[in-house]
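For reference, the structure discussed in these notes is given below.
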Amino acid sequence: MKCEDIQLSFAEILSNPENHKIETEHISTCDTCREELTFYKMMQASFQENFDSLSTEESLKNQSRILSKIRKNSFRKIQKYIISAAAVLVLLFGSIFNLKTSDSNDFITDDQWILVNDFYSEIATDINDDAILDYLTQSDDIDNLEELLISIN
Amino acid sequence: MSQENDFEQWIQKYHDMIYNVIYRLTANKDDAQDLTQDVFLKAFKKKSTFRGEASPKTWLTRIALNHTYNFLNRNKTSRWNEFSENNFQSKDDEPEKVQLKDEHLKTLSTLEKAVLVARVYQDLPYKDIAISLNTSENSAKVSYHKAIKKLRKVFT
């Protein structure tokens, strides 16, 4: 085993020496690795000690800031869902309404439809009228039906 | 709501640990607090991707390393100069200890410093460090080796 490999694995060796017996044996006999391990341990201690840690008060303050940010974020998420759902509903109803009106636009409006219905129902009731029959039998001009209806009205 | 409660426990348990990792990288209390907030917010948003393969501590540390590393890279010019003289300063009554000073750490690249902190302070495996810092395992090992070599030079 190379010294370099052992020196790269100090963290693992120190955290679990039982599983690194070959490495620990090597360290005990290798001056370079022992020296490097000492340096590693001193650095570790330096990292642990030479920084101010947060006071309990500061820590709790920061924690509550995080929580409030998370809650705000969750609220925004819910808001987004509601807005999206509303938008989908508006689009859905809009398209249904548009379909209905565009159907009407394509063919005939509601008012026109009522007029057409009336027109045909008038024909249906009046078609049996003797006067019309007489008129029709007397005249070959079937195109004058409209004029006939106007005259009946 | 219960997802929030679960996460609140994580915040209580790991807040100080994450803060300490970040503080060792930034050496700035305000930045460390802000970045800690960012890390937990990021973790909360990504919690659905946490499968429990790693421990929450490792998972959060990865996010913290990645976030701080990106932050340091974005602010390369200013951050290193803000190291307080008190950080890593030698104590006269403890001459036998390695006392790192800001000028020692300035000799390291952002990547080298991030790997060093993750390794020496957090005992994070190279694989996790590589994932956190968007680099290869080999590159993380090389960076660690370089960092140690540079610091050793200073102290010998």
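Laboratory data are not the source of any read-out in this text; all were calculated from the coordinates shown. Note that the coordinates shown come from a computational prediction; the quantities given were computed from them, not determined experimentally. Here the Cβ positions follow ideal geometry from the backbone for every residue, glycine too, while neighbour counts run over all protein chains shown.
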Positive end of the charge dipole of segment A:37-98 (Lys, Arg +1 and Asp, Glu -1 on Cβ, about the Cα centre): tell me which of A:Q63, A:V90, A:F75 has its Cα farthest that way. A:V90
Quick one: which residues, 5+ away or cross-chain, put their amide H under 5 Å from the amide H of B:L124? H built at 1.01 Å from N. B:R119
Once label points are set 7 Å from the Cα along Cα→Cβ at both B:K57 and B:N138, what is their separation, rounded to one decimal in nm? 3.2 nm
Within segment B:107-147, find all residues whose amide N lies under 14 Å from a label point positioned 7 Å from the Cα of A:L14 along Cα-to-beta-carbon. B:116-125
Each label point is 7 Å from the Cα along the Cα-to-Cβ direction; what then is the distance between the points at A:S64 and B:K13, in nm? 2.4 nm
Estimated vicinal HN-Hα couplings, Hz - segment B:106-119 in sequence order (Karplus 6.51, -1.76, 1.60; Gly, Pro = x): 5, 6, 8, 6, 4, 5, 4, 5, 4, 5, 4, 5, 4, 7
Per-pair calculated FRET efficiency, R0 = 45 Å: A:K80 and A:D118 via Cβ, rounded to 0.05: 0.30
If R0 = 25 Å, then B:D30 and A:N73, at their Cβ-Cβ distance, give a FRET efficiency to the nearest 0.05 of 0.70
Can you compute the modelled spin-label distance between A:D5 and A:T38, with each label point 7 Å from Cα toward Cβ, in nm? 2.6 nm
With r defined as the distance between the Cβ atoms of B:F155 and B:N70 and R0 fixed at 30 Å, what FRET efficiency is calculated, to the nearest 0.05? 0.50
Checked against a 27 Å limit on the C-alpha separation, the offending pairs among B:K42/B:K106; B:K47/B:K149; B:K42/B:K146; A:K69/B:K13; B:K29/B:K57; A:K69/B:K57 are B:K42/B:K106; B:K47/B:K149; B:K42/B:K146
Dividing the alpha-carbon Rg of segment A:1-105 by 2.2 N^0.38 Å yields what? 2.44
